Each structure stands twice: as structure tokens, then as C-alpha cells.
Amino acid sequence: MADSPPALPLPALHASHGGCWLRDGAGTTRGVAKGDAIVAAADTPLLMLNAPLVATRLGYPDLSGLDLLELFAFIFPARFVVPTPKGLAHALDLPEPEGDDAVPALLQQAAGAMLAQCEASDWPQREGAWTALQSLTRQRWPWAALLAPRIARPDNAERWLFARLPEWEEGADRPQPAQIALPAADVAARLAALTGAGAEERPAQRTYALEAAGMFGPRQRDGQPHLLLAQAGTGIGKTLGYLAPASLWAERSGGTVWVSTYTKALQRQLRRESRRAWGEKRADGTRPVVVRKGRENYLCLLNLEDALQGGFTGRAAILAQLIARWAAYSQDGDIIGGDLPGWLGTLFRQRGVAALTDRRGECVYAGCPHYRKCFIERASRASAQADLVIANHALVMVNAARGRDAAQRLTRIVFDEGHHVFEAADSTFAAALTGDETIELRRWVIGPERGSKGRRRGLAARLADLASYDEAGGKAIAAARYAAEALPSDGWLQRLVEGAPSGPLEELFAGVRATVYARDESGGQEAGYGLETEAAQLEGDFIERAGAAQAALAELRGPLIRLSVRLDALLAEPPDWLDGAGRARIEGARHSLAWRIDLLAAWEALLERLGGPADPEFVDWLAVERAEAREFDVGIHRRWLNPMKPFARTVLEPAHGVMITSATLKDGSGGGEDGWNEAITRSGAPELGLVPDLSSFASPFDYAAQAQVLIVTDVPRGDVAALAGAYGRLIESAQGGALGLFTAIRRLRAVHGRIADRLARSGLPLYAQHVDPIDTGTLVDIFRDDPRASLLGTDALRDGVDVPGHSLRLVVMEQVPWPKPSILHRARRLAGGGSAYDDAIIRARLAQAFGRLIRSRDDHGHFVVLSAAFPSRLLSAFPEGTPVIRLTLDEALQRVASGAFGAPVPRENPA
């Protein structure tokens with residue numbers, strides 16, 4: 001848009017921590033007080049960018065207006081934009097605003113440019129716009145009146161959404177992959193082709209690729225996969241290092257490689273990098289590379305249809321229309337972390353986006369009118385035909401645990417971000433008998449509560465044809481429905497608080513809640529936070545309640561098992577009326593039944609052991625989950641003491657080749673076979689008697705010249721004012737570009753509240769998780785896009801954040817990241833060597849946080865820890881050669897401000 005159309009002559013408002021600016025339709029901009037800005041916004045609709053964020057800045061939650069992000073989502077569905085004035089200017093090819101006072105003028109220009117796009121003959125997203133606008137007009141969307149004269153009614157009826165989406169096609173199962181070995185010369189040649197002519201030569205990357213190739217060879221013994229543990233420091237180029245042999249093996253064997261990640265950021269990077277090896281599409285139009293996620297990540301078209309037809313009202317109905325616009329142009333329907341803008345859901349201040357996914361297992365499969373266009377089914381079938389499937393650790397483990405058919409077998413797996421495999425296995429193989437979990441099971445069996453909205457259907461409705469055809473199946477459904485009445489229903493938590501539980505499960509949860517509060521020894525210190533206690537030394541009354549609950553769960557599991565048997569029989573000898581779509585629906589019901597039967601069995605086993613001796617394989621505890629002083633769940637939890645035991649059996653044992661790779665696999669202490677012992681234990685190899693191959697590649701960066709670790713010794717622990725002052729002064733010294741990491745949300749909020757306004761007045765914007773109404777992925781996008789911005793966050797930002805270049809030049813940790821002293825941690829600490837176990841966790845966290853700082857050879861930065869009590873034994877977490885200096889805050893400020901990096905400082909001897 002080099003020749004920008006006229007600006008839209010409507011008043012525009014911009015508010016930041018630095019102040020508020022209002023521009024009228026005649027083009028006059030003036031600074032205004034917050035109260036005046038609120039009055040102006042209440043008087044007439046104002047142009048603004050990200051209304052919820054502006055509302056937060058003004059302290060006026062009911063603010064509304066003409067939000068340019070909503071307009072952008074309508075005109076450019078499935079297109080990326082950083083939701084800041086600078087980001088919007090770049091997306092529309094407009095000049096960046098020079099300061100906050102210039103933003104209102106930009107908003108008027110941007111609005112004019114986007115509205116003009118609607119009248120352009122080359123508008124790529126025109127189809128469906130007129131139809132969607134009619135609905136948005138009826139819903140009184142503020143932009144509708146401005147768009148109506150600019151979007152002409154099409155001559156022919158539009159192919160909108162459901163008519164526009166392509167149908168997926170069934171494909172034959174892929175044959176078993178050929179058993180081949182990869183010659184070293186061929187792997188090296190493939191790597192050279194992927195890196196491209198003239199690329200920097202990386203000997204370590206070449207060796208890494210050759211070692212990765214070994215996992216693709218034929219397996220020698222059943223249950224004994226090739227297992228490679230590979231530590232590769234930042235800058236080695238490990239992504240292309242394993243994609244080179246992976247693409248070669250897939251090409252020659254006809255098999256599928258699964259690459260598993262922990263973060264969505266790495267999944268996006270893998271999708272980009274994989275195009276070098278496979279391209280975008282095959283000659284037949286199919287995709288050789290598929291990103292696969294859990295069902296809850298994809299838009300459910302039936303949920304969307306319900307929302308469009310009255311299931312959503314008010315602002316949520318507008319959100320549904322904008323998501324419908326996106327769905328028609330989305331690459332894969334990935335609504336969580338895909339090409340749906342992460343900021344879209346936050347504009348509507350509710351969880352409307354999540355409500356459009358299949359979170360409750362209520363899918364009717366072939367019974368859905370949109371089944372042939374379903375994004376979830378398309379991804380599932382595409383992954384069965386793909387050469388490379390990019391997934392996350394949890395999905396890989398769930399697929400393996402459920403024993404997918406041969407077309408979905410995971411025989412070659414690369415776990416990138418492998419230091420998170422233990423954590424992912426810990427969650428995947430856990431059991432949690434809680435109020436939220438049981439009420440969802442009740443809804444799945446019985447259907448929605450009377451008077452509730454939505455399309456949730458009970459088991460009887462989903463399998464009505466079976467009930468009418470098969471008497472035994474019908475009786476099983478009726479028995480399951482009757483037994484499910486014993487599960488908690490809506491309002492269960494309020495009844496617990498009032499002391500009036502209903503049914504055996506609610507009685508049990510009442511006992512859990514009473515026991516947790518009775519045993520709480522925090523003295524009120526943990527007000528507002530979750531509480532827990534060991535599932536030990538329980539009184540007889542509690543054990544009786546557990547027994548009654550166990551019996552109720554068994555009463556439900558029995559008919560579900562009988563129903564599963566009837567479904568198997570129906571598929572074995574199908575009646576005449578069972579067509580292909582009906583068969584697919586029955587198979588889907590079988591899958592849903594299978595994992596709920598397993599879930600019930602796990603709950604029963606958990607309750608059965610409560611009255612007996614503790615099982616050394618597991619850690620059990622009772623918990624009341626709370627947030628912001630509000631209870632939201634109650635239940636009993638079970639974790640494996642060592643979750644790599646089920647991981648080894650379900651994931652490693654069936655596989656032929658597995659690679660676990662990361663920049664921080666080994667413990668930096670240097671002890672125990674050069675730090676490998678802990679990594680081997682956390683890989684699951686000992687559970688199968690495997691001796692994994694080990695490889696380690698140091699980062700090629702010159703940390704002595706590129707980074708310094710500064711341990712500040714004079715910021716008192718627990719002094720929030722001093723902590724905030726240190727953060728503010730450090731960010732000012734670095735002139736932004738700071739990532740602040742916290743171990744507690746309340747301290748993060750306290751620090752942000754004390755320094756955000758001051759920094760903004762200096763032209764240094766500060767954003768924060770748990771403060772700004774923006775999702776984490778978008779916060780990182782904003783941070784990456786503005787070298788003067790800084791970002792405060794918690795654990796989610798300690799790992800998986802890739803911000804190379806000048807935008808990230810300072811990492812500040814408020815303190816040593818000690819493990820949370822939970823019951824589960826206490827048990828593992830006792831089994832894992834006491835303080836040495838803690839130290840290994842802390843070193844890993846420090847290494848991961850430091851890894852955010854230096855991402856390329858051109859990066860420079862300081863890593864600051866505000867902790868006088870930083871043990872010397874933890875210093876080995878940092879790369880060899882990195883200068884480590886203990887100093888005062890004033891001295892640290894001088895070093896950060898100068899941007900100078902001295903010669904290596906000798907490492908202190910571990911204590």
C-alpha cells in the first residue's frame with residue numbers, strides 16, 4: 001500500500017504506560033488524562049488498537065470501540081500481524097509512528113487503508129466477506145456500518161466456509177517401511193543440499209547428522225530400539241542435522257518419521273525448515289509434512305456451526321463470525337498456536353476460542369454433517385500418509401499408549417527439546433480423580449445438564465441406532481447412563497463448600513477437601529494458592545467414602561465394557577444398514593470408550609490402594625486447587641515416582657529407533673560419567689536394559705566474548721521495592737531488550753506495577769504475562785519485534801523462546817529457581833539423592849534460561865541473577881568459558897550500560 005488511501009476521519013485513542021493521546025476527526029492530536037480518555041470513549045466510538053489492552057492501561061474494563069485488530073481479522077483472515085502500532089504499520093506498508101503521540105494518526109491511516117482494501121479488485125479474501133458481514137451487521141458489530149458501503153453484494157451466491165472447505169480423502173495404508181541402512185556419504189550429501197551452497201561449514205553438524213542416521217537402521221532384537229542421546233549446544237544446527245537422515249530414510253524406506261517437540265515455537269520452526277527437504281506438496285497434491293496435535297487444538301466445525309446459529313450471543317457471536325472467516329482460509333484449522341492470531345480470542349475477554357474445539361471428547365465422528373471436511377480427521381489421515389509428522393511429546397506418548405493401528409505406528413521418533421521428555425511423561429501417565437474430570441465423564445455419558453447450552457450429546461443419543469438394533473447394546477447404554485448418575489453434577493463444588501455433597505463421588509471429594517484443610521500447616525501463608533497433603537494416615541470414614549466411590553466407578557465401567565464388546569461384534573458382523581460413515585462413527589465410539597474404560601480402571605486402582613500400604617512405584621496426594629483465592633477443583637492425584645517406566649514400555653519398546661536431543665540433556669556438574677548418568681536415567685533406557693549411544697557437541701559460540709553472568713549480591717531477598725528498583729534500573733541501563741524471569745506470579749505483578757509507567761515515559765515499553773490481556777505467544781512476538789521492549793514472565797518463557805539478535809540482550813532472574821517443595825518433589829528428591837537431585841534441576845533451569853540469551857554468533861548479552869545466596873556449585877550450569885562475576889547492583893548497571901564484555905573470569909570452585 002505504497003500510495004495510502006485517505007485516513008479515516010474518526011477520533012482515535014492510544015493509551016500506554018506513558019500516557020494517553022486523543023486525535024479528533026479534524027487531525028488534531030492532544031495528550032489527555034485517563035479520566036478524559038474514558039469519557040471520550042464512552043461518548044463516541046473511538047479507533048483503537050487492542051481494546052482490552054487499552055482498557056487495562058486506563059483501568060476501565062468496560063471500554064469498547066472500533067478495534068483495528070478486529071477489522072484486520074475480518075479483512076485479512078489467517079494472516080499474521082504483531083498487534084502493536086509498529087506491527088500494524090509494517091503489515092499495511094505504512095510508516096512507523098515515531099512516538100506514542102503519533103499512534104492515533106497511524107490508527108486513522110490504517111483504518112482507511114484496510115477499508116480501501118475491501119474495494120480493491122485484487123482482495124484475496126473477498127469470498128465470504130459479504131455473507132459474513134450480513135451476520136455481523138445483525139449482531140451490531142461496530143465496524144459493520146463502515147464496511148457495508150465498501151463490500152458489494154456478489155453477483156452469485158458465495159461459497160462460504162462449509163461449502164468452501166475441501167473434503168479429505170481416504171487412502172490405503174502405507175506398507176511397512178523397507179529395512180535399510182543410510183550410507184554416511186549419502187547423509188552428508190543430503191545435509192549439504194539442505195544447508196545450501198555457500199552455507200557456513202559446520203563440522204559438528206555433519207558429525208551430529210551422521211550419528212543421528214544410526215537410529216534409522218534395522219532393529220536387531222524385539223523390544224530393543226536403537227536409542228541415541230545427543231546433546232547439541234545452541235548453534236550446532238541440530239534441526240537440519242536430524243532432518244537430513246530423516247528425509248533420506250523416509251524417501252528410501254517409504255516410512256514415516258515423527259519429530260516431537262515440547263513448544264509450539266519449535267513446531268513452527270520445524271515446519272519452515274522441513275520445506276527444504278520435502279517442499280510444500282507432492283506431485284499428487286498431498287503434503288509430505290504434517291503438523292499433528294491433539295484434538296483440542298483444532299476447530300470443531302460442528303461447534304462452530306452451533307455458535308453461528310445462536311449458541312454464542314453478544315460479543316462471543318462476533319468472535320464466532322471472525323473465526324468462521326479464518327476457518328475458510330486456514331491452512332490446517334489449528335486454532336491453538338496455528339495461523340489463527342493468538343490475540344483474537346483475548347479481544348473478547350472470554351474463552352470463546354477454546355469452546356470451539358473438541359475438548360470434552362463429544363465428537364460424533366461420521367454422524368457429523370461436516371465429517372468429510374473435519375480438520376481433525378484431515379490431519380489424522382494426512383499423518384498416516386506423511387513422510388514427516390511434527391507433533392508434541394504428549395501426543396506421541398498418548399498415541400503410543402493407546403496402541404494405534406499399523407498405519408499410525410511410531411517406529412522412528414526424534415524427541416527434540418528432549419530435556420522435557422520426563423516432564424511430559426510425568427503428565428501423560430498420571431491419574432487424577434477430580435471433580436472436573438468426573439463431571440466431564442458424566443456429561444459424556446448422560447449428556448448436558450438440563451437448561452445448559454451447547455450441543456453436548458449423551459451416549460444414548462450418539463449411539464441411538466445401535467440401541468434400537470442391538471438389545472444387549474441398548475441395555476448396556478441404559479445401565480451406563482444410570483450408573484453415571486452417581487458422578488458429580490453441575491454445582492458440585494458449591495455443594496461441597498456448603499457441606500451438602502450429593503452422591504458417593506461428591507462425598508469423597510468433600511472428605512478430600514476437609515482433610516486437606518485440616519492438615520494445612522501453612523498458617524494462612526498459602527492463602528489463594530493450592531493446598532495438598534499426603535494420601536496417608538487416612539481415617540476410617542475417609543476409607544469408607546473411597547470404597548463407596550470405587551464401587552460407583554466399577555458400576556459404570558461394567559456396562560461400558562459390555563457396550564464395547566457389542567460394538568466389536570457389530571463391526572465383525574455388520575448389519576445391512578451400517579454404511580461406511582456409520583462404521584467410522586462406531587469405530588470412533590470404540591476409541592472413546594476404550595480410553596474412558598482405562599480411565600475408570602485407573603481411578604478404581606487409585607482408590608483401592610488408599611487403605612492399604614503405600615505402593616513404592618507411585619506418589620499419591622490429596623489436593624484443593626485454588627487460584628486468586630478461589631477454589632476451582634478438588635481431588636486425588638497419582639504420579640509415577642519414575643514416569644520413565646511406563647514411557648519405556650509404551651514408547652521405547654515398540655519403536656525401532658529413537659533419538660532424544662537437546663542443548664541441555666546432561667547435568668552441567670560434570671559428575672557421573674561426565675554428566676550423562678542422569679540423562680540416561682531420564683531417558684527410560686535402564687527400564688529396557690538398553691545401553692544408549694551418547695554424543696555431545698559444544699556450542700560454537702565464543703561465550704567469553706559474547707556474554708557475562710552477573711550475580712548481584714546486594715538486593716535483599718523478600719524486599720519487593722528493592723527487587724522492582726533493580727529490574728527498572730537494569731532495563732533502563734540496557735535500554736530495553738530485557739527478559740525478566742520470575743518464580744512467583746505475585747512478585748512479577750508487583751514489580752511490573754512499580755516500574756511499567758516509569759519505563760514507558762522513557763520510551764521503554766514493558767509487557768508481562770499474567771498482567772497484560774495478551775496470550776504468551778503474542779507477547780513474545782511483540783517482544784521480538786521491538787528492540788526497546790522488555791517482557792516479564794514465568795516458567796513458560798524460560799524455555800522455547802527464540803529471540804535472536806538485538807531484541808534480547810539482557811536476561812534477569814529474580815532469584816535462584818529452586819524447585820517448588822511439593823509432595824511429589826519431596827518423594828523424588830528422597831529417591832534421587834537429596835540436595836544433589838535439587839541441584840541438577842536448578843542447573844538445568846539455569847542452562848535453559850541462559851540459552852535464551854545467545855542464539856547466534858552475532859548475539860551479545862548479560863545474564864543477571866538477583867541473588868546474594870547463589871551457590872558456587874550451580875555455576876557449572878553455564879557454558880564453559882562464560883565469565884561469571886559476583887558484584888553489586890551499581891557495578892552490574894555499569895557493565896550492562898557499557899555493553900562491554902571482558903576477558904573470561906576464572907570460574908569459582910564448586911563448594
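Each value in this text was obtained by applying a stated rule to the coordinates, not by laboratory testing. In this text the structure is predicted, and so the values were computed from the model without any measurement. For neighbour counting, all protein chains shown are included, and Cβ atoms are generated from backbone atoms with ideal geometry for every residue, glycine included.
What the table shows:
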read-out	value
Pair Ala354, Thr207: separation of 7 Å Cα→Cβ label points (nm)	4.7 nm
Zero-based 5 Å bins, Cα pair distances in the range 703-898, whole percents	1, 8, 17, 21, 22, 16, 9, 5, 2, 0, 0
Cα gyration tensor shape for the range 718-788, rounded if a/c is under 1.5, else prolate or oblate	oblate
Debye equation applied to the C-alpha atoms of the range 683-763, log10 I(q)/I(0) at 0.17, 0.26 Å⁻¹	-0.80, -1.34
Estimated 222 nm signal from helices in the chain, with DSSP H stretches of n ≥ 4 weighted -39500 (n - 2.57), rounded to 500	-13000 deg cm²/dmol
Options Ala105, Leu599, Phe429, ranked by Cα towards positive dipole end of the chain, top entry (Cβ charges)	Ala105
Reciprocal of mean inverse Cα separation for the range 168-311 (Kirkwood radius, Å)	17.6 Å
Residues Tyr703, Tyr208 arranged by fewest to most Cβ contacts within 10 Å	Tyr703, Tyr208
Inter-centroid distance (Cα atoms) of the range 133-162 relative to the range 808-870, Å	52 Å
Point-to-point label distance, Asp36-Asp24, nm (Cα→Cβ direction, 7 Å offset)	1.2 nm
The range 703-898, relative contact order in percent, only Cα pairs under 8 angstrom and at least six apart counted	37 percent
Contact order normalised by residue count of the range 301-355, Cα under 8 Å, 6+ apart, percent	29 percent
Computed Rg/Rh of the range 432-640, alpha carbon atoms with Kirkwood Rh	1.04
Dipole magnitude (debye, nearest 20) for the chain, charges at Cβ of Lys, Arg, Asp, Glu	780 debye
Cα pair distances exceeding 17 angstrom across the range 468-519, given as percent	49 percent
The range 327-402 versus the range 571-650: alpha-carbon centroid distance in Å	21 Å
Cα-based radius of gyration of the range 12-158 once divided by 2.2 N^0.38 Å, which approximates compact folds	1.07
Net length gained if the chain between Asp541 and Ala705 were fully extended (0.36 nm per residue, minus Cα distance)	52.5 nm
Cα gyration tensor shape of the chain, rounded if a/c is under 1.5, else prolate or oblate by comparing a/b with b/c	rounded
Residues Gln176 and Ala869, FRET efficiency given R0 of 56 Å [Cβ-Cβ distance, rounded to 0.05]	0.45
Burial ordering of Lys281, Lys373, Lys86, fewest other beta-carbon atoms within 10 Å first	Lys281, Lys86, Lys373
FRET efficiency, 1/(1 + (r/R0)^6) with R0 56 Å, evaluated for Ser135 and Asp101 via beta carbons	0.90
Net charge, Leu147 excluded, C-beta distance under 14 Å - Lys, Arg +1, Asp, Glu -1	+3
Projected-area average for the range 45-87 over all orientations - Cα convex hull basis, square nanometres	3.2 nm²
Dipole of the range 703-898 [Lys/Arg +1, Asp/Glu -1 at C-beta], most positive-end residue of Gly833, Ser867, Leu792	Gly833
Options Leu194, Leu560, Trp343, ranked by Cα towards positive dipole end of the chain, top entry (Cβ charges)	Leu194
Efficiency of FRET from Cβ geometry, Glu471 and Glu169, R₀ 56 Å, rounded to 0.05	0.90
Projected-area mean, the range 589-676, by convex hull of Cα positions, square nanometres	11.1 nm²
Stretchable slack from Arg276 to Asp615, in nm (0.36 nm times residue separation minus alpha-carbon distance)	117.0 nm
Which of Cys368, Cys363 has the fewest Cβ neighbours within 10 Å, and the rest in rising order	Cys368, Cys363
Added length on full extension, which subtracts the Cα-Cα distance from 0.36 nm per residue, Asp122 to Gln309	64.2 nm
Contact order normalised by residue count of the chain, Cα under 8 Å, 6+ apart, percent	14 percent
Those lysines that a straight Cα-Cα span of less than 28 Å connects to Lys645, excepting residues fewer than 8 apart in one chain	Lys238, Lys264, Lys293, Lys666, Lys820
Ala744 versus Asp693: modelled label distance in nm, points set 7 Å from Cα along the beta carbon direction	4.8 nm
Radius of gyration and Dmax over the Cα atoms of the range 115-241, both given in Å	27.1, 71
